[in-house]
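Engineer: Once you've had a glance at the structure underneath, I'll fire off some questions.
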Amino acid sequence: MKNEKAVVVFSGGQDSTTCLFWALKKFGEVATVTFDYGQRHSDEIEYARLIAKELNVSFKVLDMNLINQLSANALTRDDIDVIEKDGELPSTFVPGRNHLFLSFAAVYADAIGARHLITGVSETDFSGYPDCRDNFIKSLNVTLNLAMDGRFVIHTPLMWLDKSEVWALADELDAFDFVQEKTLTCYNGIPSSGCGKCPACLLRNAGLATYLSQKSVGAAK
């Protein structure tokens with residue numbers, strides 16, 4: 001794949017930045033595409049831009065504010081609280097988001113001559129989002145190829161990793177410090193370790209603590 005081009009669906013967060021480093025190891029040319037959908041943590045777009053610039057990859061922002069117009073949820077409305085309840089989809093679920101993002105990423109990839117799409121979705125730590133599941137990604141991959149008469153391949157390097165394993169992958173890619181210090185995952189728009197209270201921060205920081213503990217134990221042996 002070293003002679004091929006890839007597009008990373010990129011938000012500037014822990015997962016997509018780890019995927020970007022993964023893609024840079026695998027492909028000869030990598031581009032990023034970011035989506036502005038009226039997200040409450042809109043600072044992520046600027047962090048994505050800065051990361052892409054530092055890593056010397058192309059950066060494209062697509063206006064997807066239509067999602068904001070259609071869907072009322074905690075990621076697109078400041079007046080909706082971030083809530084997670086057992087047996088229910090989190091209030092942060094944006095219906096159709098990954099479906100739309102990957103579809104538009106495929107159109108962009110086709111325009112620049114890329115056939116590989118990389119996304120940081122995970123069925124292990126997916127917060128119940130149905131559009132992060134492996135069967136959805138495989139289904140969409142088939143649909144995109146049928147719809148566009150293409151040969152797209154959707155890569156999901158984090159699909160079966162929990163957050164501690166995502167940190168381990170970042171470390172393997174020599175990107176641990178970069179991901180820890182320069183990414184924005186927090187729903188409240190605070191970089192690095194974030195606010196420490198929102199679900200995104202709790203998941204990220206718990207995964208980090210687990211990984212560092214495991215690494216420490218391994219080093220002590």
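Engineer: Would you check if residue 103 is modelled with pLDDT of 95 or more, among the hydroxyl-bearing types (Ser, Thr, Tyr) and out of contact with any Leu (no Cβ under 8 Å at 6 or more places or on another chain)?
Structural biologist: No: the conditions fail for residue 103.
Engineer: Of all residues in the stretch 18-30 being open to solvent by less than 10 Å² (accessible area, probe 1.4 Å), within 14 Å of the chain's Cα centre (by Cα) and not hydroxyl-bearing (Ser, Thr, Tyr), which is farthest from residue 164 (Cα to Cα)?
Structural biologist: Result: 23.
Engineer: Among residues belonging to the stretch 125-136 that are assigned to a helix (DSSP H, G or I) and under 16 Å from the mean Cα position of the chain (by Cα), point out the one that is farthest from residue 114 (Cα to Cα).
Structural biologist: 130
Engineer: Which residue out of 165, 123 is open to solvent by 40 Å² or more (accessible area, probe 1.4 Å) and in contact with a helix residue (DSSP H, G or I) (Cβ under 6 Å, 6 or more places away or on another chain)?
Structural biologist: 123
Engineer: Turning to a different aspect of this structure: Has the stretch 200-218 got any residue that is open to solvent by less than 30 Å² (accessible area, probe 1.4 Å) and at pLDDT below 95?
Structural biologist: Yes, the conditions are met somewhere in the stretch 200-218.
The values are calculated or read from the model by the stated rules, or taken from the named source; none is laboratory data. Given the structure is predicted, the values throughout are model-derived calculations rather than measurements. Every residue, glycine as well, gets a Cβ built from its backbone with ideal geometry; the counts of neighbours run over all protein chains shown. When the accessible area is computed, the model is the full protein with side chains, heavy atoms only, and any ligands, DNA or RNA have been set aside. Shrake-Rupley method; radii C 1.70, N 1.55, O 1.52, S 1.80 Å.
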